[in-house]
Structure formats: C-alpha cells, structure tokens
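Please read the structure below before turning to the comments.
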Amino acid sequence: MNQADPIRHAYAQWVAAHGKRPASIQEFAAASGIDAADISSRYASLRVIEQTVFLDLFLETLRRLRSSPEYASYETAQEQILALMYTWLEVLGQQRAFLLVLHQEEGLPYQPEGYTALTAGPFRQWVQPLLQDGIDRGEIAARMALSQWYQDALWANALVMLRFWLNDRSRNSERTDAAVEKLVRFTFDLLRPNALDSGLDLIRFLIQKP
Amino acid sequence: MSEEQSNIPASKIERASRFVRTGFKVGGNYLRHYSRRLVEPELDRSALDEQNAADIYKTLSELKGSALKVAQMLSMDRGIMPAAFSEQFTQAQYQAPPLSGPLVVRTFRQYFGVAPSELYDEFDPRAVHAASIGQVHRARKDGTELAVKIQYPGVADSVVSDLRIVRPLARQLFGWKDRDLDHYFEEIESRLVEETDYRLELSRGMEIASSCSRLDGLVFPEYYPALSGERVITMRWLDGLHLDQFLAGNPPQAVRDRAGQALWDFYNYQVHVLRLMHADAHPGNFLFRPDGTVAVLDFGCVKQIPSAFYDLYFSLLHPAILADEAAFLRGCRAARIVMDDDSPEEVATYTGIFRDALRLVLQPFHQGSFDFGDEAYFDAIYAYGERMGRNPAIRNSRTPRGDKDGLYLNRTYFGLFTILNRLKARIETLRYLPGPLQAQQPAS
C-alpha cells in the first residue's frame, strides 16, 4: 500500500488493530494523533479513505504485473486475467485484517458506495485492452452489444473472488485459489466462441428470406 | 510359508481374479452382472432390484477425489465392485484440468517467495502429466533435468470433508455398523491425509530410496529438499516408459523377468526387512526401462507395518499352524477373519475360505520360483473368486472382515500380482524372506 500517505496507512492499521471502524473522523484523529482538519481536507469521509486503501492495493497489483517476466509471457487473455487475480490476492493479503473488518461490518462489497467503488474504473480500464486483444486473436467471441458487458463480467468475478477469499478459512486460502481457477475458466468458456454463437448463426440463417 | 502371502486375505484374491479376467475391459454386461451384487441382501429376494443398485452405483460414480478413493477401496475389499470398474472410475475422476500457469506461479510465490523461473534455470510452465493429486512439470537447474510435482490447491482440506460425504454411503452400501466403519475410516483417513503432505513424502521417499539402494534393478529419484515444500516436490527427472507403452514394445522375456524381479524384491524387502512400504502398487507409479530396471515414483502412500500385525500374519502362515486347527482358528480370530459373535457355521465358512485363499496365494512361494504369466493360475484364482462371490454367507455378511492394517497390504499385493501378470514375469519368490520362513517352505 501507499506508504507515502500516512493517513491511509494509519487508518488501515487502526481498523485492523481495533477490529472495528472509528465512528467519525474526529475519533480516528484523536486516536491516531493526526489533525482532524488535515484528514477532512483530503478525504470527504472515512469511506473515501477505505476506498482509497483498496485502490492502492489494486494499483500495487498492476505495478507488480508490469514488472513480472511471467506476466509478459502470457499470450491469452485468460492467463492474463488469472495472473491479475492471483497477484491481487497476494497483495490483498497484506491488508487482510483490515478488509475482514470492513467485510464483517458491511458484508458484500457490491454496493456502489462500498470500499471497492474507486477500484471498479481502473479495473475495467486494465482489462479492456486484454479483452480486445482476445477478441482480435479469436480467443473471445465478438458479440456486438453484448461485448460491452465482458468487463462487467470480469469485475463480477473479482468481487466473487474477494468475497470467497474473505470467507475462506482453508490453509493458505487454497480454496480461493481453486475457486478462482474454476471461476475464470467458466467465465472464459462463456466468452469464447461457443454453442451460443453457432446457435445465433443458425437462427439468423433460418429467418433470412432467400 | 512366507508372511506376505498371509497378507492377502480372501477378498484380495477375488479382486485379483476380476482384474485378470476382464483385463480392464468394462462392458455393459459387466455392469449388469455386478450391479446385482450391490443390492442390499434383504432386498435381494425381490426378483430384480436393479433400480436400487443403479442408484447406489450412480451415487458412487458421482463421488470425487478422496471420497471416491475410499468408496473404491472398501468396495474392492468387499468384492462388491469389480476392480476393473473402480479403476476406471478413479482414472476418470482424477482427470482434473491442469493448473493454469498463473496458479503455478502463485503456488511458488507462496512457498518460496519467488516465481519458478527464478528458482530454476529453466521451467516449463506446461505440465508434462498429471499425478493423482497434482501435476508434474519439467525443469532444469545446474545442468540437471528435474521433475517438479505441484499439488492442486485445497486437496488437503477436502480430504476430511470428502470422508464425511462417503461415510453414510458406506454405511448404506455395506450395511456396516458405525464401530466397524470407524475401524477402517481411521486407517484410510490417516493415509489420505499423509498423502497430501509433500514434506512427509519427500522424507519417506529419501528414506526408502536409501534403504533400498542395495536392491538390484531399482532406480529411485534423487530429491532436492531445498527446492521442495508443503505442496511442491523437486526430484531428478527419470526416464522410462509406463507399463502399457513398455509392453507395447514387446520386451524380451529376460527383460520382463528382470523388471518383475526388481518389483518383487522391492516389496519383499520393504515388508520383511523395513516393515515400511510404498503402499501404492499402481502401474502409474513405476517407469520401466529397456534394460529391465524399474524407476519408482511417488511415495505419497506409505504404510508402516505394525509389529503386532506383522507377527500375527506371520504366525498365520506358519505351516505348523495351518495344520493345527485350533491354532489356526485363534489366528483367524486375532486377524478379524472370524468374529467373536459368529455362529459355528460362519466360523467354518470363513476359516475354510481363508484357508483356500492362503493355499492359492502361497503357491508362488511353495515353488520358490514362479511364472506369473501362468494364466491357469490366475484362472484358478478367478474361479475361486467366483465361487466366493456366489457364496451367500459372504455376500450377505454385515460385518467387515480382516484387519484395518491389512487394507493397504491387500491393495498393494493385488497391484503387484497384477503388474507381474501383465509383465508375464518369472520370479524367484524367496529372496529377502526372513531365514526361518525360507527354511519352512515345503520342497516343491
């Protein structure tokens, strides 16, 4: 996470250590010795701090991917997405205690204002060219308007993974690894040209007037 | 007589017979024939309750991983499910899709902190083949070819929950009481959990490899502890062919004899000298080489043979005891072949069966050298198994027979006899038997 910002760092530590979120910026400021005005001037609410901490973790994930020779060697969108997910899990592990508190207090991170909110945009931006390359290679089916939803499908994968991981009590979160493997494989089985496409093609042919 | 034969109780022979006769060929008739056996005894009187059988069978076929393995082992032991069948099941069920490259990288980062490309000079991200609970990759470091085995995630955790699934099924299938189920489940669970511990496999592999290094014709992988961990094992790459491919090349008799002898000595030596054995005599765990040497892979399933159990079976095989009815009966009781609450008829049935089984299985030892290509011998075993399968006393028994420690020994010898038969190997059977046992072998 971003060590350069002492507020975010201190906040994540405070929440993890206390097992709960502070009731207000004032409570957190008093406990951490940081000036409340300083916090308020930079973050509109505690929620924004949480969203930014989560975003930091995602950006750190992208940094690791960019410098990974393995990642550069992957030639399919499926492998690239899997690498993204596994590297992300690795980075998320640094803040597991903090994320567990958020998870316990609000359950699913699906709400538009949840702690994952700021990350959805960058995530979509990252996967969009991967998907496009996949379509160009023929790995993924181009389905006109439907293709716009592909990135949402992957974001949904990410949220499912996050939730699974936060509930996972297996050793080294091995069950999450297995789940990600199966989830992404399933998603790509849907994305790649399949029976749906040949079926649509058939229907198109049948309704055409000769 | 030798004691390893004593380790092969009646049901083992039945399984061996099925295996040999069908030669892995499984057809619809087979299913129909054996599904009748699956029917519970009290339902048996109704003309055909195949629907019920089919239901049980269907449940069995839907099991995965270790639950399947347990159901399979118990079924084989009871002669309820033919070996050929259950083999097919296991094969099918373990055909898991390979781990993705990114997950392999993640596994290495978890256990070594670095990606495989940093740990080895070269690492092939595509798996060469699947192992039972993992997959094998090829790598190279400092000029040495390596095999890297990586375990699927979550296997260890799923073992216990799988067993919980199979328990009620076993109760239904065999009609056993909880106490009897516990007897076997403890043994199976501990073996299965051990199998997922790669650090244990590594140390046992190294131990058995060094203890058996004096045996002729065997090759063991060299292990690299620094490149191994909870879910990763690195060992030297061994060349060789799997049994099917090896036999397809029509190796000469001398080569098949040498390979068979190496395997035979390997097990004799482990059972009698080490009292610790590689308990998975599955063809997939051995590689056969053109000169008749055999490479041994996969020490995941290792069975320690308790002294008390060893002595018991040893005593049962003593010719003097076989001749002495009272002593033989005491031995049968101790080995749980005969139970305390058996009726006199049951006692007679089971001791008779066990005695016949022993005579049959001990034949190779009586002759000192034995041709496992002898189909007449395996046919005799098969015929015996058929007779036993038709015996209502056995079919309807609600009590598991035999000691839990025998479960894996039976399975192992079943596997060994099968491999030797397929090799059509001629074996010197008395090597590495303890001196007293050899002396007691009747002259052929």
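The values are calculated or read from the model by the stated rules, or taken from the named source; none is laboratory data. Here the structure is a predicted model, which means the values were calculated and not measured. Reconstructed Cβ throughout: ideal geometry from the backbone, glycine too, with neighbour counts over all protein chains shown.
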Selection count where residues are surrounded by fewer than 17 Cβ atoms within 10 Å (Cβ to Cβ) and free of Cβ contacts under 8 Å to residues at least 60 places away in the same chain, scope the stretch A:111-134: 9
Subset of the stretch A:95-110 (residues that are surrounded by 18 or more Cβ atoms within 10 Å (Cβ to Cβ), part of a helix (DSSP H, G or I) and not aliphatic (A, V, I, L, M)): A:Gln95, A:Phe98, A:His103
Yes/no for B:Leu119 being away from chain A (no Cβ under 14 Å) and surrounded by 14 or more Cβ atoms within 10 Å (Cβ to Cβ): no
Number of positions in the stretch B:125-158 that are of a type in the set (Ser, Thr, Tyr) and under 21 Å from the mean Cα position of the chain (by Cα): 1
Selection count where residues are assigned to a helix (DSSP H, G or I) and exposed (fewer than 15 other Cβ atoms within 10 Å of the Cβ), scope the stretch A:22-35: 4
Qualifying residue in the stretch A:132-145 (condition: more than 14 Å from chain B (Cβ to nearest Cβ), closer than 21 Å to A:Leu59 by Cβ and assigned to a helix (DSSP H, G or I)): no
Any hit, the stretch A:60-75, residues being within 29 Å of A:Arg8 (Cβ to Cβ), part of a helix (DSSP H, G or I) and of a type in the set (A, V, I, L, M, F, W, C): yes
Pick from the stretch A:177-207, criterion under 18 Å from A:Thr87 (Cβ atoms) and among the aliphatic types (A, V, I, L, M), ranking: farthest from the other protein chains (Cβ to nearest Cβ): A:Leu183
Restricting the stretch A:162-176 to residues that are within 14 Å of chain B (Cβ to nearest Cβ) and crowded, with 21+ Cβ neighbours inside 10 Å, the residue that is farthest from A:Thr116 (Cα to Cα): A:Glu174
Hits in the stretch A:74-86 - residues which are among the hydroxyl-bearing types (Ser, Thr, Tyr) and either more than 8 Å from chain B (Cβ to nearest Cβ) or over 25 Å from A:Arg192 (Cα atoms) (or both): A:Thr76
Candidates A:Gln78, A:Gln111, A:Gln148 - the one that is among the polar types (S, T, N, Q), more than 21 Å from A:Ala17 (Cα to Cα) and at pLDDT 95 or above: A:Gln78
Subset tally (residues that are at the interface with another protein chain (Cβ under 9 Å from one of its Cβ atoms) and of a type in the set (A, V, I, L, M, F, W, C)) for the stretch B:106-116: 1
Entirely in the stretch B:246-354, the helices (runs of 4 or more DSSP H) that have 3 or more residues that are closer than 20 Å to B:Cys212 by Cα and in contact with a strand residue (DSSP E or B) (Cβ under 7 Å, 6 or more places away or on another chain): B:253-269
